Amino acid sequence: PGSLVVLDWHRCADSKEHFSRIQRRNVRKRFGLLEAPVLRPLLAADTVSYKIFLSGKSGVGKTALAARLAGLPVPSMHHETTGVQTTVVFWPVKLRENGRVLFFRLQLWDCGENTLRRFDHLLPACTEQADAVLLLFSFTDRTSFDDLSSHLTRSSSPSASTVRLVVGTKFDLFMHTDVTERELREFQQAWGVPVFRVPGGAGAPGVAGLAEVAPLLDALAEHLWHRDVLAAQS
Ligand SMILES: Nc1nc2c(ncn2[C@@H]2O[C@H](COP(=O)(O)OP(=O)(O)OP(=O)(O)O)[C@@H](O)[C@H]2O)c(=O)[nH]1
Ligand SMILES: [Mg+2]
(Lines give C-alpha, C1' and ligand atoms only; values in the text may rest on other atoms or scores of the structure.)
(Ligands and ions follow the chains in the order given, each with its own letter.)
Protein backbone atom coordinates (compact mmCIF):
# COMPACT_ATOMS: atom_id res chain seq x y z
CA PRO A 1 0.00 0.00 0.00
CA GLY A 2 1.14 3.55 -0.69
CA SER A 3 1.11 3.53 -4.44
CA LEU A 4 -2.42 2.93 -5.63
CA VAL A 5 -4.24 6.17 -4.97
CA VAL A 6 -3.18 9.76 -5.55
CA LEU A 7 -2.53 11.16 -2.08
CA ASP A 8 -3.96 14.58 -1.24
CA TRP A 9 -5.82 14.61 -4.52
CA HIS A 10 -8.17 17.25 -3.06
CA ARG A 11 -5.33 19.75 -3.51
CA CYS A 12 -5.09 19.15 -7.27
CA ALA A 13 -6.98 21.31 -9.73
CA ASP A 14 -8.47 18.32 -11.55
CA SER A 15 -10.30 17.19 -8.41
CA LYS A 16 -12.38 20.36 -8.00
CA GLU A 17 -15.46 19.01 -9.78
CA HIS A 18 -15.51 15.80 -7.81
CA PHE A 19 -14.99 17.44 -4.45
CA SER A 20 -17.69 19.99 -5.27
CA ARG A 21 -20.06 16.99 -5.13
CA ILE A 22 -19.33 16.32 -1.48
CA GLN A 23 -19.13 19.87 -0.19
CA ARG A 24 -20.61 23.28 -0.84
CA ARG A 25 -18.70 26.44 0.12
CA ASN A 26 -16.31 24.40 2.21
CA VAL A 27 -19.14 22.79 4.16
CA ARG A 28 -19.52 19.08 3.70
CA LYS A 29 -22.84 17.74 2.47
CA ARG A 30 -24.58 15.18 4.60
CA PHE A 31 -25.54 11.90 3.04
CA GLY A 32 -28.34 9.75 4.39
CA LEU A 33 -28.32 6.00 3.97
CA LEU A 34 -29.94 6.15 0.55
CA GLU A 35 -28.31 9.32 -0.72
CA ALA A 36 -25.31 9.74 -2.97
CA PRO A 37 -23.52 12.61 -4.67
CA VAL A 38 -25.19 13.68 -7.90
CA LEU A 39 -22.74 13.56 -10.79
CA ARG A 40 -22.95 15.13 -14.23
CA PRO A 41 -22.95 12.48 -16.96
CA LEU A 42 -19.49 13.54 -18.13
CA LEU A 43 -18.13 13.20 -14.63
CA ALA A 44 -19.45 9.68 -14.21
CA ALA A 45 -17.45 7.81 -11.60
CA ASP A 46 -18.08 4.44 -10.05
CA THR A 47 -18.95 4.12 -6.41
CA VAL A 48 -17.44 1.42 -4.25
CA SER A 49 -19.09 0.75 -0.88
CA TYR A 50 -17.50 -0.43 2.31
CA LYS A 51 -18.53 -1.13 5.86
CA ILE A 52 -16.15 0.26 8.48
CA PHE A 53 -16.39 -0.63 12.17
CA LEU A 54 -15.01 1.76 14.79
CA SER A 55 -13.70 -0.10 17.80
CA GLY A 56 -12.20 1.11 21.08
CA LYS A 57 -12.76 1.81 24.74
CA SER A 58 -15.60 4.09 25.85
CA GLY A 59 -14.56 7.73 25.61
CA VAL A 60 -11.61 7.26 23.23
CA GLY A 61 -13.41 9.28 20.59
CA LYS A 62 -15.20 6.95 18.15
CA THR A 63 -18.22 9.20 17.80
CA ALA A 64 -15.99 12.26 17.54
CA LEU A 65 -13.94 10.62 14.79
CA ALA A 66 -17.04 9.62 12.83
CA ALA A 67 -18.28 13.23 12.96
CA ARG A 68 -14.87 14.53 12.00
CA LEU A 69 -14.56 12.26 8.99
CA ALA A 70 -18.04 13.22 7.84
CA GLY A 71 -17.27 16.93 8.22
CA LEU A 72 -19.93 17.32 10.92
CA PRO A 73 -19.51 19.32 14.13
CA VAL A 74 -17.83 17.30 16.85
CA PRO A 75 -19.68 17.16 20.17
CA SER A 76 -17.40 18.64 22.82
CA MET A 77 -18.78 16.47 25.62
CA HIS A 78 -18.64 12.73 25.96
CA HIS A 79 -22.14 11.35 25.57
CA GLU A 80 -22.00 7.60 25.67
CA THR A 81 -23.36 6.25 22.40
CA THR A 82 -26.35 4.02 23.10
CA GLY A 83 -26.67 1.42 20.40
CA VAL A 84 -25.24 1.60 16.91
CA GLN A 85 -24.97 4.83 14.97
CA THR A 86 -24.00 4.77 11.29
CA THR A 87 -22.57 7.65 9.28
CA VAL A 88 -22.02 7.70 5.54
CA VAL A 89 -18.89 9.38 4.20
CA PHE A 90 -18.25 9.81 0.48
CA TRP A 91 -14.64 10.33 -0.55
CA PRO A 92 -13.45 10.76 -4.15
CA VAL A 93 -10.23 8.97 -4.99
CA LYS A 94 -8.08 9.01 -8.12
CA LEU A 95 -6.22 5.81 -9.02
CA ARG A 96 -2.62 6.33 -10.04
CA GLU A 97 -2.53 3.50 -12.48
CA ASN A 98 -5.14 4.73 -14.94
CA GLY A 99 -6.42 8.05 -13.63
CA ARG A 100 -9.82 6.52 -12.94
CA VAL A 101 -11.87 8.27 -10.27
CA LEU A 102 -13.84 6.28 -7.72
CA PHE A 103 -16.19 7.50 -5.05
CA PHE A 104 -15.52 5.56 -1.88
CA ARG A 105 -18.71 5.22 0.10
CA LEU A 106 -17.68 4.47 3.65
CA GLN A 107 -20.39 3.48 6.05
CA LEU A 108 -18.99 4.00 9.53
CA TRP A 109 -20.47 1.81 12.27
CA ASP A 110 -20.04 3.41 15.67
CA CYS A 111 -21.30 1.48 18.67
CA GLY A 112 -20.98 2.67 22.26
CA GLU A 113 -18.52 0.37 23.99
CA ASN A 114 -20.71 -0.03 27.06
CA THR A 115 -23.73 -0.97 24.96
CA LEU A 116 -21.53 -3.41 23.09
CA ARG A 117 -20.60 -5.13 26.34
CA ARG A 118 -24.18 -5.27 27.51
CA PHE A 119 -25.73 -6.85 24.41
CA ASP A 120 -23.95 -9.84 22.94
CA HIS A 121 -25.57 -9.64 19.53
CA LEU A 122 -24.14 -6.21 18.70
CA LEU A 123 -20.49 -7.09 18.16
CA PRO A 124 -21.24 -9.77 15.54
CA ALA A 125 -23.64 -7.35 13.81
CA CYS A 126 -20.91 -4.70 13.66
CA THR A 127 -18.07 -6.95 12.56
CA GLU A 128 -20.07 -9.13 10.17
CA GLN A 129 -18.85 -8.43 6.66
CA ALA A 130 -16.94 -5.39 7.83
CA ASP A 131 -14.39 -4.43 5.21
CA ALA A 132 -12.26 -2.52 7.69
CA VAL A 133 -11.94 -1.96 11.40
CA LEU A 134 -10.53 1.26 12.80
CA LEU A 135 -9.11 0.50 16.23
CA LEU A 136 -8.99 3.61 18.37
CA PHE A 137 -6.92 4.34 21.40
CA SER A 138 -6.41 7.63 23.19
CA PHE A 139 -2.99 9.13 23.79
CA THR A 140 -4.29 10.31 27.17
CA ASP A 141 -5.57 6.94 28.33
CA ARG A 142 -2.99 4.25 28.83
CA THR A 143 -5.51 1.44 29.28
CA SER A 144 -7.10 2.20 25.91
CA PHE A 145 -3.69 1.48 24.36
CA ASP A 146 -3.19 -1.67 26.43
CA ASP A 147 -6.66 -2.83 25.33
CA LEU A 148 -5.67 -2.71 21.66
CA SER A 149 -4.39 -6.25 21.46
CA SER A 150 -7.67 -7.66 22.75
CA HIS A 151 -9.59 -5.44 20.33
CA LEU A 152 -7.36 -6.67 17.52
CA THR A 153 -8.02 -10.25 18.47
CA ARG A 154 -11.78 -9.81 18.66
CA SER A 155 -11.87 -8.03 15.32
CA SER A 156 -9.78 -10.61 13.52
CA SER A 157 -12.28 -13.44 13.70
CA PRO A 158 -14.77 -12.49 10.96
CA SER A 159 -12.37 -12.60 8.08
CA ALA A 160 -8.62 -12.47 7.67
CA SER A 161 -8.96 -10.02 4.81
CA THR A 162 -10.49 -7.30 6.97
CA VAL A 163 -8.38 -4.14 6.74
CA ARG A 164 -7.23 -3.00 10.16
CA LEU A 165 -5.85 0.41 11.04
CA VAL A 166 -5.05 1.78 14.47
CA VAL A 167 -5.96 5.40 15.14
CA GLY A 168 -4.59 7.36 18.10
CA THR A 169 -6.91 10.12 19.36
CA LYS A 170 -6.33 13.17 21.58
CA PHE A 171 -2.84 13.64 20.22
CA ASP A 172 -3.47 17.37 20.55
CA LEU A 173 -3.38 16.89 24.33
CA PHE A 174 0.21 15.71 23.99
CA MET A 175 1.17 17.34 27.29
CA HIS A 176 -0.67 14.49 28.97
CA THR A 177 0.42 11.72 26.67
CA ASP A 178 0.61 8.27 28.20
CA VAL A 179 1.96 6.45 25.18
CA THR A 180 5.46 6.96 23.78
CA GLU A 181 6.56 7.00 20.15
CA ARG A 182 8.75 4.01 20.84
CA GLU A 183 5.87 1.96 22.20
CA LEU A 184 3.87 2.85 19.12
CA ARG A 185 6.67 1.70 16.81
CA GLU A 186 7.04 -1.55 18.71
CA PHE A 187 3.32 -2.13 18.59
CA GLN A 188 3.25 -1.44 14.86
CA GLN A 189 6.03 -3.93 14.27
CA ALA A 190 4.59 -6.63 16.49
CA TRP A 191 1.12 -6.53 14.91
CA GLY A 192 1.93 -5.29 11.43
CA VAL A 193 -0.94 -2.82 11.65
CA PRO A 194 -0.41 0.79 10.57
CA VAL A 195 -0.96 3.49 13.17
CA PHE A 196 -2.48 6.92 12.39
CA ARG A 197 -3.23 9.99 14.42
CA VAL A 198 -6.70 11.41 14.52
CA PRO A 199 -7.01 14.45 12.26
CA GLY A 200 -6.62 17.79 14.01
CA GLY A 201 -7.90 17.49 17.50
CA ALA A 202 -11.29 15.93 17.42
CA GLY A 203 -12.04 17.86 20.58
CA ALA A 204 -11.17 21.17 18.97
CA PRO A 205 -14.23 23.22 18.13
CA GLY A 206 -15.44 23.52 14.58
CA VAL A 207 -15.56 21.20 11.68
CA ALA A 208 -12.69 19.37 10.00
CA GLY A 209 -11.54 20.61 6.62
CA LEU A 210 -10.59 18.26 3.81
CA ALA A 211 -6.88 18.69 4.54
CA GLU A 212 -7.34 17.31 8.05
CA VAL A 213 -9.24 14.19 7.12
CA ALA A 214 -7.51 13.45 3.81
CA PRO A 215 -4.54 11.49 5.23
CA LEU A 216 -6.73 9.01 7.07
CA LEU A 217 -9.40 8.71 4.35
CA ASP A 218 -6.79 8.31 1.61
CA ALA A 219 -4.99 5.65 3.65
CA LEU A 220 -8.22 3.81 4.30
CA ALA A 221 -9.13 3.93 0.59
CA GLU A 222 -5.64 2.77 -0.30
CA HIS A 223 -5.79 -0.26 2.00
CA LEU A 224 -9.30 -1.22 0.91
CA TRP A 225 -8.41 -0.94 -2.76
CA HIS A 226 -5.18 -2.87 -2.26
CA ARG A 227 -7.16 -5.66 -0.62
CA ASP A 228 -9.66 -5.72 -3.49
CA VAL A 229 -6.92 -5.80 -6.13
CA LEU A 230 -5.30 -8.77 -4.35
CA ALA A 231 -8.65 -10.54 -4.07
CA ALA A 232 -9.31 -9.99 -7.77
CA GLN A 233 -5.94 -11.50 -8.67
CA SER A 234 -6.31 -14.66 -6.63
N1 LIG B 1 -8.93 17.02 22.61
C2 LIG B 1 -9.48 15.97 21.99
N3 LIG B 1 -10.65 15.49 22.43
C4 LIG B 1 -11.18 14.43 21.81
C5 LIG B 1 -10.55 13.83 20.69
N6 LIG B 1 -11.32 12.79 20.28
C7 LIG B 1 -12.38 12.75 21.11
N8 LIG B 1 -12.32 13.75 22.03
C9 LIG B 1 -13.29 14.01 23.11
O10 LIG B 1 -13.40 12.84 23.89
C11 LIG B 1 -14.73 12.71 24.40
C12 LIG B 1 -15.29 11.34 24.14
O13 LIG B 1 -15.43 11.13 22.77
P14 LIG B 1 -16.59 10.21 22.13
O15 LIG B 1 -16.37 10.25 20.66
O16 LIG B 1 -17.91 10.59 22.61
O17 LIG B 1 -16.21 8.76 22.71
P18 LIG B 1 -16.71 7.33 22.22
O19 LIG B 1 -15.50 6.51 21.86
O20 LIG B 1 -17.73 7.48 21.15
O21 LIG B 1 -17.34 6.68 23.54
P22 LIG B 1 -18.58 5.65 23.72
O23 LIG B 1 -19.68 6.09 22.82
O24 LIG B 1 -18.94 5.74 25.17
O25 LIG B 1 -18.05 4.27 23.39
C26 LIG B 1 -15.53 13.84 23.77
O27 LIG B 1 -15.63 14.87 24.73
C28 LIG B 1 -14.68 14.27 22.59
O29 LIG B 1 -14.86 15.65 22.27
C30 LIG B 1 -9.30 14.37 20.25
O31 LIG B 1 -8.67 13.92 19.27
N32 LIG B 1 -8.83 15.44 20.93
MG1 LIG C 1 -19.66 7.15 21.10
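The values are calculated or read from the model by the stated rules, or taken from the named source; none is laboratory data. The structure presented is a predicted model; accordingly, all values stated were derived computationally and were not measured. Ideal geometry is used to build each Cβ from the backbone, glycine not excepted, and the neighbour counts take in all protein chains shown.
When region 152-177 is filtered for residues that are more than 12 Å from ligand 1 (Cβ to nearest atom), in contact with a Ser or Thr (Cβ under 8 Å, 6 or more places away or on another chain) and at pLDDT 85 or above, the ones remaining, listed by number, are Thr162, Arg164. Leu65 meets the stated requirement of being within 26 Å of Asp146 (Cβ to Cβ) and in contact with a Ser or Thr (Cβ under 8 Å, 6 or more places away or on another chain). Evaluate the following for Glu113: is it more than 16 Å from ligand 2 (Cβ to nearest atom), farther than 28 Å from Cys12 by Cα and touching a Lys or Arg at 6+ places or on another chain (Cβ under 9 Å)? So Glu113 fails the test. A count restricted to region 71-93 and to residues that are over 18 Å from the mean Cα position of the chain (by Cα) and either within 9 Å of ligand 1 (Cβ to nearest atom) or under 16 Å from Gly32 (Cα atoms) (or both) stands at 6.
Contact map, region 61-83: first residue in contact (Cβ under 8 Å) with a residue 40 or more places away in the chain and closer than 16 Å to Leu122 by Cβ, second residue part of a helix (DSSP H, G or I) and within 8 Å of ligand 1 (Cβ to nearest atom), Cβ cut-off under 9 Å, separation 6 or more or different chains; pairs are Lys62/Glu113.
If I filter region 55-95 down to residues being of a type in the set (Ser, Thr, Tyr) and within 13 Å of ligand 2 (Cβ to nearest atom), which single residue comes out as surrounded by the most Cβ atoms within 10 Å (Cβ to Cβ)? My answer is Ser55.
Looking at Thr169, Thr140 in this structure, which one is closer than 21 Å to Val195 by Cα and away from ligand 2 (no atom under 16 Å from the Cβ)?
Going through Thr169, Thr140 in turn, just one is closer than 21 Å to Val195 by Cα and away from ligand 2 (no atom under 16 Å from the Cβ): Thr140.
The residues of region 58-109 that are of a type in the set (Phe, Trp, Tyr) and touching a Lys or Arg at 6+ places or on another chain (Cβ under 7 Å), listed by number, are Phe90, Trp109.
Can we say Ala36 is more than 10 Å from ligand 1 (Cβ to nearest atom), out of contact with any His (no Cβ under 8 Å at 6 or more places or on another chain), more than 26 Å from Ala211 (Cβ to Cβ) and modelled with pLDDT under 95? Spelling it out, it is not the case that Ala36 is more than 10 Å from ligand 1 (Cβ to nearest atom), out of contact with any His (no Cβ under 8 Å at 6 or more places or on another chain), more than 26 Å from Ala211 (Cβ to Cβ) and modelled with pLDDT under 95. Please work out which residue is surrounded by the most Cβ atoms within 10 Å (Cβ to Cβ), limiting yourself to region 182-216 and to residues that are over 16 Å from Arg164 (Cβ atoms) and at pLDDT 90 or above. Ranking the qualifying residues of region 182-216, first place goes to Val213.
Only one of these is exposed (fewer than 14 other Cβ atoms within 10 Å of the Cβ) and not in a strand (DSSP E or B): Ser155, Ser149. Name it. Steps first, answer last, please.
Numbers: Ser155 fails: exposed (fewer than 14 other Cβ atoms within 10 Å of the Cβ).
Every option except Ser149 fails the conditions.
Checked against the criteria, Trp9 counts as at pLDDT 90 or above, touching a Ser or Thr at 6+ places or on another chain (Cβ under 8 Å), away from ligand 2 (no atom under 16 Å from the Cβ) and not polar (S, T, N, Q).
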